[in-house]
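What follows is a short report on a single structure.
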Amino acid sequence: RQGKGRYLHFAEPMDLSIRRRSAIEAGLREALATEGQLEVYYQPLYSSRTRAMKGAEALVRWHHPSLGTVSPAIFVPIAESTNLIAPLGEWVMEEACRAAAAWPLRLLSVNVSAVQLRDPDFADKVFAILDRTGFDPHRLEVEVTETSFIENARHCRPNLQALRARGVKIALDDFGTGYSSLTHLQQFDVDRIKIDRSFVNAIQSADAGSPIIRAILDLADASGLDVTAEGVETQAQSEFLTQAGCDALQGYLLARPMPKEAIAALFADAAT
Ligand code: C2E
Ligand code: CA
Ligand code: CA
Ligand code: CA
């Protein structure tokens with residue numbers, strides 16, 4: 001029903017009571033106006049062949065004063081159904097660009113909601129953030145889902161074209177869970193696809209692998225696209241994906257999402 005092909009691990013977001021939803025909405029409004037409740041974590045992704053860090057994905061975290069840490073799987077959909085996703089998304093992007101400007105990080109990936117891409121001024125808002133933070137557009141990648149293409153093709157396309165014209169990369173997130181994936185690869189210029197965790201999860205052994213992932217990798221190869229596999233948790237998954245030619249790996253096996261101090265420490269270690 002959320003239209004994103006989201007992989008829910010628990011039923012809670014589905015039956016969140018109206019009262020809880022509005023408490024989260026009010027809390028989020030408060031969090032956006034307060035220092036310290038929202039934080040950006042960074043999850044590195046690595047080259048499958050060399051194991052060098054290729055980039056990192058920004059993932060928002062919310063430390064609620066009484067509820068504790070609330071998952072973005074819960075509050076991002078609520079932000080999307082209210083008018084909070086735009087300020088939230090812009091806050092994440094600005095915070096991440098500001099932090100990453102100082103790091104020797106090749107690519108910073110930021111998630112962008114379909115709702116944000118519906119705003120005709122979205123690309124200009126991104127350019128304003130790049131100007132304010134001095135972040136090089138060639139080092140920025142936006143992760144969008146197929147839902148964006150379906151629900152707001154009219155504004156989505158010019159936004160993505162404007163971003164690309166300045167060197168920003170486009171990644172298609174949760175690939176394989178959406179509607180008619182092949183059509184979108186042809187219609188929209190994307191640089192990378194991210195194979196959804198549900199497919200990676202299904203890999204039981206390096207030998208058996210996954211026919212679906214092989215097919216996606218063939219398709220990507222033929223289309224000249226980079227591929228990241230997300231949710232890599234086991235050695236067998238990593239082995240199969242590397243052998244099958246997947247460019248980049250992301251998942252708990254390699255690194256968990258971490259606060260900016262922790263990823264900055266990784267760079268400092270690598271430099272000494
Ligand atoms: P996503 O974009 O598909 O992000 C990947 C999610 O998988 C993240 O969950 C990440 O922590 C988790 N993950 C990474 N590696 C593994 C693994 O090996 N195993 C498992 N089980 N999980 C792994 P997270 O951080 O809870 O975010 C959930 C979703 O919330 C994201 O899914 C994304 O759709 C959304 N989200 C997070 N931050 C933002 C944001 O700043 N803006 C927007 N629009 N959405 C965001
Ligand atoms: Ca993502
Ligand atoms: Ca994803
Ligand atoms: Ca996913």
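The values are calculated or read from the model by the stated rules, or taken from the named source; none is laboratory data. Fair warning: this is a prediction, and the values are worked out from it, not measured in the lab. Methodologically, a virtual Cβ is constructed for each residue, glycine included, from the backbone with ideal geometry; neighbour enumeration extends over all protein chains shown. Accessible surface areas use protein heavy atoms only, side chains included; no ligands, DNA or RNA. Shrake-Rupley method; radii C 1.70, N 1.55, O 1.52, S 1.80 Å.
Structure data summary
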{"read-out": "The chain: angle of helix 122-133 to the longest principal axis, Cα-based, in degrees nearest 10", "value": "90 degrees"}
{"read-out": "Rule-of-thumb Rg ratio for the chain [Cα; 2.2 N^0.38 Å; N residues]", "value": "0.98"}
{"read-out": "DSSP bridge pairs, segment 33-145: antiparallel proportion in percent, nearest 5", "value": "65 percent"}
{"read-out": "Residues residue 207 and residue 102, FRET efficiency given R0 of 41 Å [Cβ-Cβ distance, rounded to 0.05]", "value": "0.40"}
{"read-out": "Helix 18-33 axis, angle to the chain major axis (alpha carbon atoms, nearest 10°)", "value": "90 degrees"}
{"read-out": "Inter-label distance for residue 157 and residue 186, nm, one decimal - labels placed 7 Å from Cα along Cα-to-Cβ", "value": "1.5 nm"}
{"read-out": "The chain - percent relative contact order, Cα under 8 Å, separation 6 or more", "value": "19 percent"}
{"read-out": "Loop sites in segment 152-203: trypsin sites (Lys or Arg not before Pro), DSSP, at most 16 other Cβ within 10 Å", "value": "166"}
{"read-out": "Test item: Cα-centred dipole of segment 30-164, Lys/Arg +1 and Asp/Glu -1 on Cβ, debye", "value": "620 debye"}
{"read-out": "Cβ-defined net charge surrounding residue 237, 14 Å radius [Lys, Arg +1; Asp, Glu -1]", "value": "-3"}
{"read-out": "On Cα atoms only, tilt of 211-223 relative to the major axis of the chain in degrees", "value": "90 degrees"}
{"read-out": "Within the accessible area of segment 117-272 (1.4 Å probe), percent carbon and sulfur", "value": "48 percent"}
{"read-out": "Ellipsoid equivalent to segment 116-272 - semi-axes via the Cα gyration tensor, in Å", "value": "28, 23, 12"}
{"read-out": "At R0 = 22 Å, FRET efficiency that the Cβ-Cβ distance of residue 136 and residue 267 yields, to 0.05", "value": "0.85"}
{"read-out": "Chymotrypsin sites (Phe, Trp or Tyr not before Pro) within segment 91-199: DSSP coil, no more than 14 neighbouring Cβ in 10 Å", "value": "179"}
{"read-out": "Cα→Cβ-extended label distance, 7 Å offset, between residue 69 and residue 243, nm", "value": "3.5 nm"}
{"read-out": "Per residue solvent-accessible surface (Å²) - the chain, probe of 1.4 Å", "value": "47 Å²"}
{"read-out": "Over segment 78-149 - Rg/Rh using Cα atoms and the Kirkwood inverse-distance radius", "value": "0.96"}
